[in-house]
Amino acid sequence: MVMTGAAILARIEALAAITAGPGVTRIFLTPEQKRATALVLGWMREAGMAAHEDAIGNVVGRYEGTRPGVPALVLGSHLDTVRNAGKFDGILGVVTGIACVQALHDAGERLPCPIEVIGFADEEGVRFPATLLGSHAVAGRFHPEVLDQADDAGVTLAQALVAHGLDPARVGTAGRSPEEFGAYLELHIEQGPVLEARGLPVGCVTSIAGATRMRVELTGVSGHSGTVPMGQRHDALAGAAECVIAIERRCGAEPNLVGTVGRIEALPGAVNVIPGGAVFSIDVRAPEDGQRARAVTDVVAEIEAIAARRELGVTVRRFHDAPAAPCAPRLRAVIRAAIAAEGLEVFELPSGAGHDGMAIAELADIGMIFVRCLGGISHNPAESVTEQDAETGARVLLETMRRYAAGEGA
């Protein structure tokens, strides 16, 4: 395989053909994953790597270096998808990592450190109520109680592993030690419109945003829509609408901070009844934990003030907190140098989406390279990357690997 954009996209198309539904649908521990695993293992071996499937279903390839005992430089991303997904989310990073190793192998070149490429089996968390299962297992942070969680069909994770030919009792053996990993690099589509708006094919990621998710319940008084005067209502949905605008206003006031209300429900939900209850979700993200914490405090205070003014009951329950994962300054420096070596403008930006690097940060310094995607569209069959941008991303990744192995940024 020649490391061209066309060759990279051809392999991405081959993986995209392995799907259980419209778009690309390749879910954890399904027959489609098994087929994808076999295909990727073959590519890894063609690239000169020793390759295997680990105890959680991750695909792992290793290309030895010239110096024994040196921690590996790990390249990775995920091979699973959401339902009706695009072709590039996660997959671009795995295929490009293999292409870079193939380029070294074809040239008879080995770096001082070994290179590992990992295709994580479950990042999206579509089948079971947990995300990053593949990378958490590698980081030694897999919680055994997750084995008892069931999918929509009532199949537990333990049962799914057995059906896939894996032993649930051995999942812990997928764990790696910090001494094994020198650093982790993840190439990924941006999943946003920033690079495209700036006319740039690639960017250097500063941090993977942390996220706080909350469930808000407002309680008012239901009543007949035709008989209760507007000034005498305790309309929970109207209160929720004001809260949504307040969240938008607060989170739009600072760069890199975002806040989203993705779900809202009016109760009892009849066309001729004033809503006596409203329930909505909040997702607040920022690349710096202090910024996120301040925003969450302000948002909750504003919701409580709105509820008090409207004489509504309010309950705010926080059900998810994930810290930000800053990219290591030393790796950012190497990535910036690799981008500059391509004659490109160096631009840094945070990642608002979560990635496997968040889990691997428990083991090693992480760095990320973003590749431009059409319209910033992701988690959608319209996801698209050009041949030229795929090739640029591969060149930047390979240059980053060489510079890292040569000791830059140490």
Unique match (being buried (at least 21 other Cβ atoms within 10 Å of the Cβ) and either free of Cβ contacts under 8 Å to residues at least 24 places away in the same chain or not charged (D, E, K, R) (or both)) among Leu349, Leu331: Leu331
Scope segment 308-352; condition among the β-branched types (Val, Ile, Thr) and either in the same structural domain as Val284 (by TED's automatic domain parsing) or in a strand (DSSP E or B) (or both); matching residues: Val314, Thr315, Val316
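Just checking, which of Arg332, Arg263 is closer than 30 Å to Arg403 by Cβ and within 23 Å of the chain's Cα centre (by Cα)?
Numbers: Arg263 fails: closer than 30 Å to Arg403 by Cβ.
Matching residue, one of Arg332, Arg263: Arg332.
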Residues located in segment 109-127, provided they are over 16 Å from the mean Cα position of the chain (by Cα) and either surrounded by 15 or more Cβ atoms within 10 Å (Cβ to Cβ) or under 12 Å from Phe28 (Cβ atoms) (or both): Arg110, Leu111, Cys113, Pro114, Ile115, Glu116, Val117
Within segment 152-161, tally of residues that are of a type outside the set (Gly, Ala, Ser) and over 15 Å from Ala121 (Cα atoms): 4
Unique match (being modelled with pLDDT of 95 or more, over 23 Å from the mean Cα position of the chain (by Cα) and in a helix (DSSP H, G or I)) among Ala305, Ala295: Ala305
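Only one of Glu217, Glu180 is closer than 30 Å to Ile274 by Cα and not polar (S, T, N, Q). Can you tell me which?
Values: Glu180 fails: closer than 30 Å to Ile274 by Cα.
One residue alone meets the criteria, Glu217.
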Count of segment 49-70 residues which are farther than 19 Å from Leu161 by Cα, surrounded by fewer than 17 Cβ atoms within 10 Å (Cβ to Cβ) and not charged (D, E, K, R): 5
Members of segment 353-382 found to be among the charged types (D, E, K, R) and either crowded, with 24+ Cβ neighbours inside 10 Å or not in a loop (DSSP other than H, G, I, E, B) (or both), listed by number: Asp356, Arg372
Given (1) within 30 Å of Pro68 (Cβ to Cβ); (2) out of contact with any Pro (no Cβ under 6 Å at 6 or more places or on another chain), index of the condition Val316 fails: (1)
Helices (runs of 4 or more DSSP H) contained entirely in segment 131-243, each with at least 2 residues that are surrounded by fewer than 17 Cβ atoms within 10 Å (Cβ to Cβ): 157-163, 194-198
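The values are calculated or read from the model by the stated rules, or taken from the named source; none is laboratory data. Since we're looking at a predicted model, the values are computed, not measured. As a convention, Cβ positions derive from the backbone with ideal geometry for all residues, glycine included, and neighbour counts pool all protein chains shown.
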